[in-house]
């Protein structure tokens, strides 16, 4: 693995990228051209995570070194057009009014002046989705846009949100269990009818009750996993989510 061009990314970081590429497994079904594209895209992503927002791969050359039934070894040369180093500017939100702007900004782990990292945008967007999901906005979506201050090399994301409708929990439906066991699960269920639907609390419930399932395995009609045995009915018009736990034996 070799990087060429007018490169300012620190050598230790380049070595880390090269090592991760060399340790990766690539599909044997891909031809060399496809492999070149995949490796080039991976390198571009890594450069962007280190502040080189406009990095481009000019060319990627691959050549076969060895080939046998078990594996193939390929040499890769990547010609990099690095571009300037960018830093974080600020961040703003459009059409996202459910939470204070300060709370939304806190989900994005950077300070103005930090080296811009595209991965931090992805992490922040995921945290934003979870925050809205915890408040019943299960259809929340967000689309990032960027404002670039070329004079000062600052990137300032603008997050355009679509909050959608807030959903509440319906009555938990349990199928295929005796009344005593169903009553125990219903008592443990984190959401009461009418509560704001909190997707995170449901996920945590599934994780925390695995031990309960093991202790009572003999009482279930078949091996049980709450995630696999769960479903939900979504009433879009009335904003109601009815959770369903179905433990009936497989037909």
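The values are calculated or read from the model by the stated rules, or taken from the named source; none is laboratory data. Owing to the predicted nature of the structure, the values given are computational and were not obtained by experimental measurement. Cβ sites come from the backbone with ideal geometry, for glycine too, and all protein chains shown count toward neighbours.
Output the number of residues of region 91-102 satisfying the condition of being touching a residue at least 24 places away in the same chain (Cβ under 8 Å) and surrounded by fewer than 15 Cβ atoms within 10 Å (Cβ to Cβ).
The number of residues fulfilling the criteria is 3.
Let me spell it out: the conditions are (1) modelled with pLDDT under 75; (2) not in a loop (DSSP other than H, G, I, E, B), and residue 225 meets all of them except one. Which number is the exception?
If we test residue 225 against (1) modelled with pLDDT under 75; (2) not in a loop (DSSP other than H, G, I, E, B), just (2) comes out false.
Quick test of your reading of the structure: residue 6 fulfils all but one of (1) outside the structural domain of residue 153 (by TED's automatic domain parsing); (2) at pLDDT 90 or above; (3) surrounded by fewer than 17 Cβ atoms within 10 Å (Cβ to Cβ); (4) under 26 Å from residue 121 (Cα atoms). Name the failing condition by number.
(4)
Among the listed residues 156, 142, identify the single one that is within 24 Å of residue 112 (Cα to Cα) and touching a residue at least 60 places away in the same chain (Cβ under 8 Å).
From the options 156, 142, the qualifying one is 156.
Kindly indicate the residue of region 172-190 that is surrounded by 13 or more Cβ atoms within 10 Å (Cβ to Cβ) and either without any contact (Cβ under 8 Å) to a residue 60 or more places away in the chain or not assigned by TED's automatic domain parsing to the domain that holds residue 214 (or both) and also farthest from the chain's Cα centre (by Cα) among those meeting that condition.
Of everything passing the filter in region 172-190, 181 is farthest from the chain's Cα centre (by Cα).
So which residues in region 67-88 are within 16 Å of residue 152 (Cα to Cα) and either surrounded by fewer than 18 Cβ atoms within 10 Å (Cβ to Cβ) or modelled with pLDDT under 95 (or both), if there are any at all?
83, 84, 85
Looking at region 23-43, which of the residues that are in contact with a strand residue (DSSP E or B) (Cβ under 9 Å, 6 or more places away or on another chain) and surrounded by fewer than 16 Cβ atoms within 10 Å (Cβ to Cβ) is modelled with the highest pLDDT?
41
Going through region 45-74 one residue at a time, which ones are part of a strand (DSSP E or B) and closer than 17 Å to residue 5 by Cα?
Hits for region 45-74 are 56, 57, 58, 59, 60, 61, 62.
So for region 175-198 (the condition being at pLDDT 95 or above and closer than 15 Å to residue 97 by Cα), does at least one residue qualify?
No, there is no match, as no residue in region 175-198 is at pLDDT 95 or above and closer than 15 Å to residue 97 by Cα.
Taking residue 147, is it closer than 30 Å to residue 113 by Cα, in contact (Cβ under 8 Å) with a residue 40 or more places away in the chain and within 28 Å of the chain's Cα centre (by Cα)?
yes
Would you confirm, using the coordinates I've provided, whether residue 124 is in contact with a strand residue (DSSP E or B) (Cβ under 7 Å, 6 or more places away or on another chain) and not assigned by TED's automatic domain parsing to the domain that holds residue 37?
Spelling it out, it is not the case that residue 124 is in contact with a strand residue (DSSP E or B) (Cβ under 7 Å, 6 or more places away or on another chain) and not assigned by TED's automatic domain parsing to the domain that holds residue 37.
When residue 217 is evaluated against the numbered criteria (1) surrounded by fewer than 12 Cβ atoms within 10 Å (Cβ to Cβ); (2) touching a helix residue (DSSP H, G or I) at 6+ places or on another chain (Cβ under 7 Å); (3) at pLDDT below 70, which criterion, by number, is the only one it fails?
Tallying (1) surrounded by fewer than 12 Cβ atoms within 10 Å (Cβ to Cβ); (2) touching a helix residue (DSSP H, G or I) at 6+ places or on another chain (Cβ under 7 Å); (3) at pLDDT below 70, residue 217 fails exactly one: (2).
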